[in-house]
1. Considering only region 92-101, state which residues are without any contact (Cβ under 8 Å) to a residue 24 or more places away in the chain and not in a loop (DSSP other than H, G, I, E, B).
2. Quick one: how many residues across region 327-368 are outside any loop (DSSP other than H, G, I, E, B) and at pLDDT 85 or above?
3. Taking residue 176, is it in the same structural domain as residue 318 (by TED's automatic domain parsing), touching a strand residue (DSSP E or B) at 6+ places or on another chain (Cβ under 6 Å), in contact (Cβ under 8 Å) with a residue 12 or more places away in the chain and over 20 Å from residue 347 (Cα atoms)?
4. Which of the residues spanning region 294-326 are part of a helix (DSSP H, G or I) and under 18 Å from residue 177 (Cβ atoms)?
5. So residue 255 passes all but one of these: (1) surrounded by 19 or more Cβ atoms within 10 Å (Cβ to Cβ); (2) under 18 Å from residue 312 (Cβ atoms); (3) more than 21 Å from the chain's Cα centre (by Cα); (4) touching a residue at least 60 places away in the same chain (Cβ under 8 Å). Which condition number does it fail?
6. Out of (1) crowded, with 16+ Cβ neighbours inside 10 Å; (2) more than 30 Å from residue 374 (Cα to Cα), what's the single condition that is false for residue 264?
7. Only one of 330, 279, 381, 302 is within 22 Å of the chain's Cα centre (by Cα) and not assigned by TED's automatic domain parsing to the domain that holds residue 238; which?
8. When you go through 122, 130 one by one, which is the residue that is modelled with pLDDT under 95, closer than 20 Å to residue 277 by Cα and either surrounded by fewer than 23 Cβ atoms within 10 Å (Cβ to Cβ) or touching a helix residue (DSSP H, G or I) at 6+ places or on another chain (Cβ under 8 Å) (or both)?
């Protein structure tokens, strides 16, 4: 199980408000392709909202679309790291849980108050048994927007949940199916990739794997890399919380040149494969190809652990990071970021490459690394 074993199993009605939502379509018969019986009375979905960690273990264990990023511990980690408030929406039919949605509230004078599922992650939106349940969760999310004063809610999905919702599809995930043998994977790579890895090995770089003891080295490389890219970094505390809460799934990799960390990453493993939400390298040492050695060791470790897939994370199509991931043989997988908008609102443009934030990015790149590390978490706490 990848869920919190100590989570409460008290009835959902005791956790928060419950509101009834009836399925769309005439006669109450579900037409989502999941199957239903017209002889039965119309089903009624009840959606409960709470801020305490909900008892989702059984539902998440049985739903085929569940990833580690649907775990409710993410909301609590974001609360502790940044003070952002999580909301857990649970849909039921009778006593049975039939859908879930985790939202995190972020407030900013500059970027506006909004809800996200989930900030910083590629896809952690709605899980539901059928379309009627998705509709009920969306309706309750809209009501929650009104209550908290959010201008929009961003639902991040690997598959589009509601076709009518405004969506962004400019980002794609890049994934590589893995063989069971690392040697077979090595032979799949193009000669240029293998030569770059060998060059890093000849440089005398060493690769280290572990948990919380490597957080400081990881964060040092990551924070500098984010400054160079013009983006605020996460706090060291945020990563410590992740490694602590997902100790069985999280692994840190650090590449050292002698005693100096020059590349690092954080991976998370679930039943779908190994995911790399955060990876970075120090561009002052780019000639050593430390980044290539880092990725080879992550891929090799994933093969040895029996993971079926390596998820390189999202990138903008045809960007530099996109091309880097593609050279390993990774293929595109769609990512749908769908939006619930208040009247008069448009899909937010919070991309660092947008004209609106180009000057901010340029200024950030000139900050001392220490300053960027100090003030960056205060900014990223309000960004999704």
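1. Within region 92-101, just 96 meets the criteria.
2. 11
3. Numbers: in the same structural domain as residue 318 (by TED's automatic domain parsing): yes; touching a strand residue (DSSP E or B) at 6+ places or on another chain (Cβ under 6 Å): yes; in contact (Cβ under 8 Å) with a residue 12 or more places away in the chain: yes; over 20 Å from residue 347 (Cα atoms): yes.
Against the criterion (in the same structural domain as residue 318 (by TED's automatic domain parsing), touching a strand residue (DSSP E or B) at 6+ places or on another chain (Cβ under 6 Å), in contact (Cβ under 8 Å) with a residue 12 or more places away in the chain and over 20 Å from residue 347 (Cα atoms)), residue 176 qualifies.
4. Narrowing region 294-326 to residues part of a helix (DSSP H, G or I): 294-304, 320-326.
Those that are part of a helix (DSSP H, G or I) and under 18 Å from residue 177 (Cβ atoms): 295, 296, 298, 299, 300, 301, 302, 303, 304, 325, 326.
5. That leaves (4) as the condition not met.
6. (2)
7. Numbers: 330 fails: not assigned by TED's automatic domain parsing to the domain that holds residue 238; 279 fails: not assigned by TED's automatic domain parsing to the domain that holds residue 238; 302 fails: not assigned by TED's automatic domain parsing to the domain that holds residue 238.
From the options 330, 279, 381, 302, the qualifying one is 381.
8. 122
The values are calculated or read from the model by the stated rules, or taken from the named source; none is laboratory data. The shown structure was predicted, so the numbers you read here are calculated from the model rather than taken from an experiment. Glycine gets a Cβ as well: all are built from the backbone with ideal geometry, and neighbour counts include every protein chain shown.
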